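Undergrad: Provided herewith is a single structure, encoded as structure tokens, for subsequent inquiry.
The values are calculated or read from the model by the stated rules, or taken from the named source; none is laboratory data. The structure presented is a predicted model; accordingly, all values stated were derived computationally and were not measured. Cβ sites come from the backbone with ideal geometry, for glycine too, and all protein chains shown count toward neighbours. Calculation scope for accessible area: heavy atoms of the full protein, side chains included, ligands and nucleic acids excluded. Shrake-Rupley method; radii C 1.70, N 1.55, O 1.52, S 1.80 Å.
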Amino acid sequence: MTHAEQGPKGVPRPAEHQGSGPGVAPEAGPPAGTAERRDWGWTRLETSVGPLLLAATREGLAEVVFHADERTTRRALTRLEQHFSSAPVPDIPPLATAVAELTAYFAGELRTFTVPLDWSLSTGFHARVLHALADGVPYGSVVGYQDLADRVGEPGAARAVGAAMGSNPLPVIVPCHRVVASDGGIGGFGAGLETKRLLLALEGILPAPLF
């Protein structure tokens, strides 16, 4: 069961700022620097893997953050305010689409997302890899780090592909949980291996946990 909670127009700023990769950890957020001022909004969605923070511009969904408790949400929203040079506003249409599609996905009723995406939080090699992942690894399938490196024409960059997965601002929608190790293991995951196992079980790749 899922539940969406619309965020306020503003957010208090924490005393200090720390960050790693967007969408993967409590300190997740956009890259350093700011973009041109843009309208954006957010909501929080309760799911079977915990609360997700969803942030979008009028262009599309821009970020998904796992484990979005109050502390994580405050930090993510502060960084988004800095990146987009504005406070969040209501009525950002892609958010409603994202909520509806993610709710259906976690209910086992959706396999392909159609919500428009705003890729502005990913650039360069990371963006190339994430586009290849989004376009070429469908629901219920997996890909190895090396195979994904080969697909973008960088056969020596398997380790860099792992870094690209860690920087993914749009997990679940851009399915970094489907990237696994070549030795048959499930590989790493910024949101934790239990979350990755649950997503892979939802898609029928792993058996569902008993407890």
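Undergrad: Return yes or no: is GLU101 out of contact with any Cys (no Cβ under 9 Å at 6 or more places or on another chain) and under 20 Å from HIS67 (Cα atoms)?
TA: Considered against the rule, which asks whether it is out of contact with any Cys (no Cβ under 9 Å at 6 or more places or on another chain) and under 20 Å from HIS67 (Cα atoms), GLU101 comes out as yes.
Undergrad: Next question. Can you name the condition, by its number, that ASP147 falls short on among (1) crowded, with 16+ Cβ neighbours inside 10 Å; (2) farther than 20 Å from ALA181 by Cα?
TA: For ASP147, the failing item is (2).
Undergrad: Filter the strands (runs of 3 or more DSSP E) completely within region 13-69 down to those with at least 3 residues that are at pLDDT below 50 and closer than 16 Å to GLU81 by Cβ.
TA: Passing ranges: none, list empty.
Undergrad: Still on this structure, please answer the following. Within region 178-211, work out how many residues are modelled with pLDDT under 95, touching a Ser or Thr at 6+ places or on another chain (Cβ under 9 Å) and open to solvent by 40 Å² or more (accessible area, probe 1.4 Å).
TA: Count: 2.
Undergrad: When you check PHE66 against the structure, is it open to solvent by less than 10 Å² (accessible area, probe 1.4 Å), more than 12 Å from TRP42 (Cα to Cα) and among the hydrophobic types (A, V, I, L, M, F, W, C), yes or no?
TA: Yes; evaluated as a whole, the condition is true for this residue.
Undergrad: Condition (residue is out of contact with any Gly (no Cβ under 9 Å at 6 or more places or on another chain) and either in contact (Cβ under 8 Å) with a residue 60 or more places away in the chain or aromatic (Phe, Trp, Tyr) (or both)) applied to region 147-161: is it met by at least one residue?
TA: no
Undergrad: So, one more: How do the pairs read when you match residues in region 119-135 that are under 16 Å from GLU63 (Cβ atoms) with residues anywhere that are open to solvent by less than 40 Å² (accessible area, probe 1.4 Å) and assigned to a helix (DSSP H, G or I), using Cβ under 6 Å and keeping only pairs 6 or more apart or on different chains?
TA: From region 119-135, the pairs are SER122/LEU130; HIS126/ALA164.
Undergrad: Specify the residue that is nearest to GLY136 (Cα to Cα); the eligible residues are those in region 82-118 that are touching a Gly at 6+ places or on another chain (Cβ under 8 Å) and surrounded by fewer than 18 Cβ atoms within 10 Å (Cβ to Cβ).
TA: ARG111
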